[in-house]
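J.: A single structure is presented below for examination.
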Amino acid sequence: MRNTDRRVAKLMQSRLDAHRHREAEHRRAQAAVEQAESLLKETLLTPNHVAELDRKWSVIVAPELDATFHAARAALAQRLEAQVALQRAMIDRVAALRQLGGAGLPAAELAQRVDALAQEQDEALRAPEHPSLPRALVAEFAAEMQKLRARLQTQEAGRAAQAARAAFLDAQVAKAPAELHADALRREWKALPPLPADEQGAELQRRFDALLATLPQPEQRKPKETREPKQEGAPGAKPAAKDAKDGKPRGADQHFIDTMDAMEAALQQGSLGAAAELDKTLKEAREKGTRLTPAQSDRLAHLRAELKRLSDWARWGGNVSREELIKTVETLPTQNLAMSELAKKVGSMRDRWKALDSLSGAAPKSLWERFDAACTAAYAPAAAHFRHLADERHANAARGQALVDEAQAEIARLRDGSAEWKHVAGTVQRLRLAWSHLGAIDRKDKKRLDALFTDALNTLQGPLEHQRKGEMAEREAIIEAAAAIDPHDRHAIDAMRALQQRWQEHARALPLERKSEQALWQRFRAVCDDVFQRRKETMHEADIERRAHEAAKDAISARLEAAAADVTPATAGKILREAQAEWQAIGPVPRTHEARVEKRYHAAVALVQQHADQARRAAGVAQAGMLRDKLRLVQQLEEAVASHEAADADWDARWTALPPLDADMERTLRTRFDSALAALRTSPDARAAYARQLEDNRAKLLHELLRQEIGAGIDSGPEFARDRLKLQVEVLQSSLKSGHGGRGTHDGATARLRDLCSLPALVDARTASRIEQLALRVAKEGK
């Protein structure tokens, strides 16, 4: 066709070129679609990859694949939007956590909000796009969450500590001032859980200080000094540049192409530092005369344009990171960190700023000034703390110099001959102990003071050791004198006691080193024990006498044990007095059997007393039964008076048929019986008056009965619960005002029962049963 018609051939050629172009565009479009689908399958989707995909598709014309690409691109856009929403929510959660830290909310509401934010964070970490979350924000959220939970735990512990300390203060205030000791109170107060730094804690501390102010205060010791931690914060070193060259060059053109390939790979991976170093290598190669083809020039220009675009993004991201870094530094003063940790935090923030400078370029001056001011303000408490530690080190150095001066003054008194050796020994020990608790000192001062103090102690220690050698010789002489005592001599004990007194005088005059003192004392004690042991071996006759005493005392115990079964209350006192007199007349028993003999004797006495008490209680129960019978007769007579019965019953015979009671109770009931019998046999008016008296005394009888039931510990029944409770309060108030009373427990109960029985009153069956129970209880409690 070219030979026949060039126009047709040219048209055909243009159409073939268009067809090849469409095929090429289709292949490029297919590759873009495949890249989009592969990006959809990737776990971590980055915006630069999507931007690169959009740049490729912008120069592609493939209408047949537009729908497929746009569907994939829409899915990518949804993922990016989800990532943005997830990241914005993450930033909001971190900001919410920071606001919660300084909001001052109650503990319950703070815990509820923290749990809600933690739940949202867990849901975000389970979201499909969670790999896109910045690791720094995730770590910061975890750190903030940990601090808030720690604060909640601290608040809970603070409330428990406040409750414990308030209870302790209430218990101490309730005690008498004579029972309180300032040192013991301080130790117990210090052992309690620490108080939180709030108003309630300060109020409890003020209450404790006020309590201590009422007591004699001992001299307070200064707190032990602590060493000043070294401030860390050296500037971080710039990351070493990566060498992008191969080991052995394979020619200039190939090496240049490999470097461009590495730069392209670094840009695709987002490694801007490596890409910048490779670009620097390419510039050096161009300066050395490397020539490029147009395709290579275009490729290099494209790579540098991409590097510039990504560098701009990195610079923008670096400024965002710097803003976040400034906010983090500004929140440091509100975190209540330890001073050493605060110094490390500020140093690490400066290192991170320098790292951002190396990665994202230099920061604007305004941002740097804000960051530097925030770091200076955050570090101010740590700087003040370190200055305080330095002042403490200077104060410790001054105290160390005072100890050295005191040692030198003691040396001067020792040379003048005005010092006592006991005082010198105590001074050396006290100075050594005070030096060990001196605290932190600057290194240059410590070396000088250590040398001066060591020289002074060595100067004091020399004469003291010489004097102690002489004292040890004296102790050796005392030991030899003790070993020479004859145990058979009648004055051996006196001589041994004199040596022991002499030993104590020497020990008080000049104490030796603890090890030497213990060794000499053990030797002296062994010699004394040996003398006493040999003397014991000569006391066989005394042992025989003690064994005879033991047999005699055992016989007394056996006699008491045998007499316990037949003892009566009348004979118990005589038996026990005779046994006590015999026991006191007998001499000592062997020391090893003394406890056993004493235990048996006391057990026998207790057995006799127990049988006597049982007999007395049995008699009391029998007396209570007779009291019950006569009291029932009196109550029946009073009931007859109240019911206007005829006086034809033989009441005197019925009274005489009952066995008599003890004199007081018999006289009381007889008086009441005679009064009722006289009323029964008199005129109707006198009888009615006596019946009204009986009815009027019913309430008084119930009140007195309830009072005596309270005193005896007897249940009155549920119908009297309210009256009993009210009367208990009155009884308690009366006992607190008047004391325990003038009569014994049983005697008082018997007298009160007698007063109750002397009161004429009408009673029902329930009241009569309660009076009988009270009489039985009084009889059982009798001694």
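J.: Somewhere in segment 316-327, is a residue of a type outside the set (Ser, Thr, Tyr), surrounded by fewer than 17 Cβ atoms within 10 Å (Cβ to Cβ), under 46 Å from the mean Cα position of the chain (by Cα) and at pLDDT 80 or above?
T.: yes
J.: I'd like to check something: does segment 572-588 contain any residue that is surrounded by fewer than 15 Cβ atoms within 10 Å (Cβ to Cβ), touching a residue at least 40 places away in the same chain (Cβ under 8 Å) and under 27 Å from MET496 (Cβ atoms)?
T.: So the first thing to find is which residues in segment 572-588 are surrounded by fewer than 15 Cβ atoms within 10 Å (Cβ to Cβ), and the list is 573-574, 577-578, 580-582, 584-585, 587-588.
Those still in the list that are touching a residue at least 40 places away in the same chain (Cβ under 8 Å) too: 587-588.
Checking the rest, the ones that are also under 27 Å from MET496 (Cβ atoms) come to 587-588.
Among the residues of segment 572-588, at least one is surrounded by fewer than 15 Cβ atoms within 10 Å (Cβ to Cβ), touching a residue at least 40 places away in the same chain (Cβ under 8 Å) and under 27 Å from MET496 (Cβ atoms), which makes the answer yes.
J.: Among the residues of segment 659-717, how many are in contact with an Asp or Glu (Cβ under 7 Å, 6 or more places away or on another chain), under 20 Å from LEU774 (Cβ atoms) and not in a helix (DSSP H, G or I)?
T.: The total comes to 1.
J.: Next question, about the same structure. Given ALA124, ALA166, which one is touching a helix residue (DSSP H, G or I) at 6+ places or on another chain (Cβ under 8 Å), assigned by TED's automatic domain parsing to the domain that holds LEU97, aliphatic (A, V, I, L, M) and part of a helix (DSSP H, G or I)?
T.: Numbers: ALA166 fails: assigned by TED's automatic domain parsing to the domain that holds LEU97.
The unique qualifying residue is ALA124.
J.: Given the conditions (1) within 37 Å of the chain's Cα centre (by Cα); (2) loosely packed, with under 15 Cβ neighbours inside 10 Å, and given that PRO131 satisfies all but one, which numbered condition is not satisfied?
T.: Result: PRO131 passes all but (1).
J.: Please pick out the residue among ALA150, ALA197, ALA178, ALA167 that is within 19 Å of the chain's Cα centre (by Cα), at pLDDT below 75 and surrounded by fewer than 15 Cβ atoms within 10 Å (Cβ to Cβ). Spell out the reasoning first.
T.: Working: ALA150 fails: at pLDDT below 75; ALA178 fails: within 19 Å of the chain's Cα centre (by Cα); ALA167 fails: at pLDDT below 75.
Just one listed residue meets the conditions, ALA197.
J.: Shifting gears a bit: Scan segment 1-54 residue by residue and report those that are among the polar types (S, T, N, Q) and in a helix (DSSP H, G or I). Step through it out loud before you land on a result.
T.: Here is the first cut: in segment 1-54, the ones among the polar types (S, T, N, Q) are 3-4, 13-14, 30, 35, 38, 43, 46, 48.
The answer is GLN13, SER14, GLN30, GLN35, SER38, ASN48.
J.: In this structure, is ALA612 surrounded by 13 or more Cβ atoms within 10 Å (Cβ to Cβ), touching a Ser or Thr at 6+ places or on another chain (Cβ under 9 Å), part of a helix (DSSP H, G or I) and free of Cβ contacts under 8 Å to residues at least 40 places away in the same chain?
T.: Details: surrounded by 13 or more Cβ atoms within 10 Å (Cβ to Cβ): yes; touching a Ser or Thr at 6+ places or on another chain (Cβ under 9 Å): yes; part of a helix (DSSP H, G or I): yes; free of Cβ contacts under 8 Å to residues at least 40 places away in the same chain: no.
It is false that ALA612 is surrounded by 13 or more Cβ atoms within 10 Å (Cβ to Cβ), touching a Ser or Thr at 6+ places or on another chain (Cβ under 9 Å), part of a helix (DSSP H, G or I) and free of Cβ contacts under 8 Å to residues at least 40 places away in the same chain.
J.: Output yes when any residue across segment 371-382 is hydrophobic (A, V, I, L, M, F, W, C) and under 30 Å from ARG448 (Cα atoms), and no when none is. So that I can check it myself, show each step before the final result.
T.: Step one: filter segment 371-382 for residues hydrophobic (A, V, I, L, M, F, W, C), giving 371, 373-375, 377-378, 380, 382.
From what is left, the residues that are under 30 Å from ARG448 (Cα atoms) are 382.
Yes.
J.: Sticking with this one: For LEU45, all conditions in the list (1) hydrophobic (A, V, I, L, M, F, W, C); (2) more than 17 Å from GLU64 (Cα to Cα); (3) surrounded by fewer than 15 Cβ atoms within 10 Å (Cβ to Cβ) hold save one; what is the number of the exception?
T.: The one condition LEU45 does not meet is (3).
J.: Is there a residue being over 59 Å from the mean Cα position of the chain (by Cα) and of a type outside the set (Ser, Thr, Tyr) anywhere in segment 592-609?
T.: Kept after step one, since they are over 59 Å from the mean Cα position of the chain (by Cα), are these residues of segment 592-609: none.
No: segment 592-609 contains no residue that is over 59 Å from the mean Cα position of the chain (by Cα) and of a type outside the set (Ser, Thr, Tyr).
J.: If you check ALA640 against the conditions, is it modelled with pLDDT under 85, aliphatic (A, V, I, L, M) and either at positive phi or surrounded by 17 or more Cβ atoms within 10 Å (Cβ to Cβ) (or both)?
T.: Working: modelled with pLDDT under 85: yes; aliphatic (A, V, I, L, M): yes; either at positive phi or surrounded by 17 or more Cβ atoms within 10 Å (Cβ to Cβ) (or both): yes.
Spelling it out, ALA640 is indeed modelled with pLDDT under 85, aliphatic (A, V, I, L, M) and either at positive phi or surrounded by 17 or more Cβ atoms within 10 Å (Cβ to Cβ) (or both).
J.: Continuing with this model, one more query. Can you find a residue that is acidic (Asp, Glu), under 22 Å from ARG591 (Cα atoms) and assigned to a helix (DSSP H, G or I) anywhere in segment 522-535? Full working, then the answer.
T.: Our first condition is that a residue be acidic (Asp, Glu); within segment 522-535, this holds for 529-530.
Imposing the further condition that a residue be under 22 Å from ARG591 (Cα atoms) reduces the set to 529-530.
Of the ones still in play, those that are also assigned to a helix (DSSP H, G or I) are 529-530.
Within segment 522-535 (the criterion being acidic (Asp, Glu), under 22 Å from ARG591 (Cα atoms) and assigned to a helix (DSSP H, G or I)), the answer is yes, since at least one residue qualifies.
J.: Also, quick follow-up: Take ALA498 and decide whether it is under 23 Å from SER516 (Cα atoms) and aliphatic (A, V, I, L, M). Even if it seems obvious, please write down each step before you answer.
T.: Details: under 23 Å from SER516 (Cα atoms): yes; aliphatic (A, V, I, L, M): yes.
Yes.
J.: Another one. Loosely packed, with under 13 Cβ neighbours inside 10 Å and either outside the structural domain of TRP435 (by TED's automatic domain parsing) or touching a residue at least 12 places away in the same chain (Cβ under 8 Å) (or both): does that describe ARG508? Steps first, please.
T.: Details: loosely packed, with under 13 Cβ neighbours inside 10 Å: yes; either outside the structural domain of TRP435 (by TED's automatic domain parsing) or touching a residue at least 12 places away in the same chain (Cβ under 8 Å) (or both): yes.
So ARG508 fits the description; yes.
J.: Looking at segment 675-702, which of its residues are over 60 Å from the mean Cα position of the chain (by Cα) and surrounded by 15 or more Cβ atoms within 10 Å (Cβ to Cβ)? Before the answer, list the steps.
T.: Just the residues of segment 675-702 that are over 60 Å from the mean Cα position of the chain (by Cα), to begin with: 675-698.
If the condition is that a residue be over 60 Å from the mean Cα position of the chain (by Cα) and surrounded by 15 or more Cβ atoms within 10 Å (Cβ to Cβ), then SER675, ALA676, LEU677, ALA679, LEU680, ARG687, TYR690, ALA691, GLN693, LEU694, ASN697, ARG698 are the ones that fit.
J.: Using the structure shown, decide if ALA31 is in contact with a helix residue (DSSP H, G or I) (Cβ under 7 Å, 6 or more places away or on another chain) and assigned by TED's automatic domain parsing to the domain that holds LEU80.
T.: Values: in contact with a helix residue (DSSP H, G or I) (Cβ under 7 Å, 6 or more places away or on another chain): no; assigned by TED's automatic domain parsing to the domain that holds LEU80: yes.
Taking the combined requirement at face value, the residue does not satisfy it.
The values are calculated or read from the model by the stated rules, or taken from the named source; none is laboratory data. Quantities reported herein were computed from a predicted structural model and do not represent experimental measurements. A quick note on method: Cβ atoms are made from the backbone with ideal geometry, for glycine too, and the neighbour counts reach across all protein chains shown.
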